[in-house]
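The values are calculated or read from the model by the stated rules, or taken from the named source; none is laboratory data. As the structure is a prediction and not an experimental result, all values here were calculated from the model. Every residue, glycine as well, gets a Cβ built from its backbone with ideal geometry; the counts of neighbours run over all protein chains shown. Calculation scope for accessible area: heavy atoms of the full protein, side chains included, ligands and nucleic acids excluded. Shrake-Rupley method; radii C 1.70, N 1.55, O 1.52, S 1.80 Å.
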Amino acid sequence: MSTEFAVLSTPGRSQEFWFEDGDVVLSCLLPNNRRFFYRVHKFMLARHSVPFAEMLKKEVIAAQCREFVDGAPVVFLPEPAPEIYKLLCCLYNALTLQNPHSLEEEQPITRYDWLLRLCAKYQILPLSKYIIARLKAEWPVTLPAWDTREAHITAMRQQHIAAGPTRRVHNMYLDDRLPEPVMIIKIAHTLCLPQLLPAAFYELARSNPRAEWDALHTVATRALAQNERFLVEGVRSARWGALSAQDMLVLATLKETLSTLVREGWDMMKRLEMPHAVCDTARKGVLDRAKELAVASRDVLYAAHWACHYTTKAGMCKACETNLVRCLATFRMSCWHTLLRKFQHP
Ligand SMILES: [Zn+2]
């Protein structure tokens, strides 16, 4: 059972989606094959979806429903209960979903893929449009937007560190709260959204290849020592097993490109003219440390960003400091443009 669902409700009935004035009960299956019920409003489903409107017509219900809970007809849905939960979240809690530019915090949508499939099946067009807008905001094509996203994730990481040894916030680890890149890559291919690919592949390139998302997010394997250690450490996982051979090749060439960029970029910055011995030594210290960071984090954008920040504290004169910071910023931008070019169609 997915952990996002494990914390939601007591067995049998949803706590959140059990309305006393609800006029239909949706019956779905939990992963353990037990039934789970939501008591909701027909108009809420019918308003957004032609298939639901058809299914919930009086005559259809009269002809097909044999079971009632507190007077409300029970309609069986084939989708698993956690999927229906997220669909109901989206339909009922529209206000909390309005800002597509913020990564969700308390109730992350970790499975956009099935939510989009549900939208297609039940023809819920506004919701699928909303999800696509949100995906575009979460996987941006500009470096400033990527940096904003990073600042947000860094703030989330700080929350988990501040939470103490469990590293859990709202009963979730950091990796529970952030979207997984292989799923995004698959959605990008399926829905022809190539603009998601650069950021998603970059995220994948810096994810830990030993941390398999499914193992970390399934109750049965989540508590295994290695998996729990990854979660506590805030390691970012991916669905490595679901990555196609073609995409694995794209990832391999991207990693090669990134390591070439680091090598060339660092050579360039080492050659930067620096007239003062003290500044020259400080520059070497900053670049050596940042290079180690780039290798350890698999994240050259982060390492160069750190170097920009650290340069201002390294004891260089103002002119040399400005020169190196400018050079690092240009290097980051050229890394980003190289990433974008890699996914442009010829
Ligand atoms: Zn100087």
Open item on the list: Exceeding 18 Å between C-alpha atoms, which entries from my cross-link table qualify? They are 255/342; 255/291; 58/121.
Closed with: 58/121
Open item on the list: With the crude spin-label approximation of a point 7 Å out along Cα→Cβ, what separation in nm comes out for residue 171 versus residue 47?
Closed with: 2.9
Open item on the list: Taking 0.36 nm per residue of sequence separation and subtracting the Cα-Cα distance, how much length would be gained by fully extending the chain between residue 322 and residue 263, in nm to one decimal?
Closed with: 19.1 nm
Task: Rounded to whole Å, sorted largest first: equivalent-ellipsoid semi-axes of the chain, Cα gyration tensor - done: 47, 20, 17
- [ ] For the stretch 248-342, report the translational diffusion coefficient in µm²/s to the nearest whole number, using Stokes-Einstein at 4 °C, 1.567 mPa s, and a Kirkwood Rh over Cα pairs.
- [x] 96
- [ ] Please list, or write none, the aspartates and glutamates whose alpha carbon is within less than 19 Å of the alpha carbon of residue 318, excluding same-chain residues fewer than 8 places away.
- [x] 273, 280
TODO: Mind giving me the FRET efficiency for residue 229 and residue 157? R0 is 25 Å, r the Cβ-Cβ distance, nearest 0.05 is fine.
DONE: 0.95
TODO: Give the cysteines in the chain for which no other Cys Cβ lies under 4.7 Å away, or write none if there are none.
DONE: 28, 65, 89, 90, 119, 192, 308, 317, 327, 335
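Accessible area per residue, 1.4 Å probe, Å², for the chain: what's the number?
On a per-residue basis, 49 Å².
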TODO: Read phi for every residue in the stretch 75-86 and hand back ³J(HN,Hα) as whole Hz from Karplus 6.51 cos²θ - 1.76 cosθ + 1.60, θ = phi - 60°, with x for Gly and Pro.
DONE: 10, 8, 10, x, 6, x, 3, x, 6, 5, 4, 5
Open item on the list: Charges on Cβ only, +1 for Lys and Arg, -1 for Asp and Glu, centred on the Cα centroid of the stretch 248-342; of 323, 276, 338, which one is farthest towards the dipole's positive end?
Closed with: 338
- [ ] Write down the percent of antiparallel bridges among all DSSP beta bridges whose residues are both part of the chain, to the nearest 5.
- [x] 60
Task: Student exercise, the chain dipole from Lys, Arg, Asp, Glu Cβ charges, in Debye to nearest 20 - done: 600
TODO: Give, rounded to the nearest 20 debye, the magnitude of the charge dipole that the stretch 113-213 has about its Cα centre when Lys and Arg contribute +1 at Cβ and Asp and Glu contribute -1 at Cβ.
DONE: 200
TODO: On the protein heavy atoms, probe 1.4 angstrom, tell me the percent of accessible surface of the stretch 239-346 carried by carbon and sulfur.
DONE: 59
TODO: Can you figure out the FRET efficiency of residue 296 with residue 27, using R₀ = 51 Å and their beta-carbon distance, to the nearest 0.05?
DONE: 0.55
